[in-house]
Amino acid sequence: TRMPQDLCPGACSSWNDGLTAAGDRLFFVSHLTRSHQLAVTDGTAAGTRILLSTERNQPPQPIGEIQGRLAFLGPGSGQSPALWWSDGTPDGTSAALDLCSTSLGCSGSWNLPLVVGDRIVFWVRPSEPGTEIWASDGTVGGTRKIGNTPLPSLVDTALWKGSLYFSTFDRLWQTDGTPEG
């Protein structure tokens, strides 16, 4: 048992969560007194580093791996987070899609984002009553509504046989992240 590298040495107080594997790296979020950091390790001291520091109320939130990169929520405009990508390097960590800066609007606040294949499935609560399910490949053109469903609880979701299964109060739902599926 060993610590690859102490990213908060001395009298620093922090806690970590959001452990997410992507490729041959392990990403995690360190919460410090006044900031949050997305960090990565390959299990060695030399391969453990901070990728992104935020001082806002939007700590990084890992979603999962897509094509060897980490998809995560990070700082966005206003109070809504944006979708970010990281390949495990500081230069390869950047914002991909901020819904608030597109015609899609801030209502798509990335509720319960989950990786399904090469897409991120999430729920949107529009201004009118109801809940919509959306999917995104990280681009404006590849982000679209795929249906209408109630918002599930996170504990009632499972990835199985290439699809996302989720339950709501009275139904079991399934999606592969496309309108057809």
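The values are calculated or read from the model by the stated rules, or taken from the named source; none is laboratory data. Keep in mind that this is a model prediction, so the values were computed, not measured. Cβ: placed from backbone, ideal geometry, glycine included. Neighbour counts: every protein chain shown. The area values use the complete protein model at the heavy-atom level, side chains included, leaving out ligands, DNA and RNA. Shrake-Rupley method; radii C 1.70, N 1.55, O 1.52, S 1.80 Å.
Annotations for the structure displayed:
- The chain - percent of accessible surface contributed by carbon and sulfur, probe 1.4 Å: 51
- Inter-probe distance in nm under a simple model that places probes 7 Å from Cα toward Cβ, at T33 and L112: 3.8
- Alpha carbon convex hull of the chain, volume per residue in cubic angstrom: 141
- Full-stretch length increase - M3, D24 - with 0.36 nm per residue and alpha-carbon distance subtracted: 5.8 nm
- With a Förster radius of 22 Å applied to the C-beta separation of T139 and T178, the computed FRET efficiency comes to 0.90.
- Distance between the modelled labels on D42 and Q79, one decimal in nanometres: 4.2 nm (7 Å Cα→Cβ projection).
- Pairwise FRET efficiency - R49 versus L159, Cβ, R0 = 30 Å, nearest 0.05: 0.55
- Projected area averaged over orientations for segment 1-94, convex hull of C-alpha atoms, nm²: 6.2
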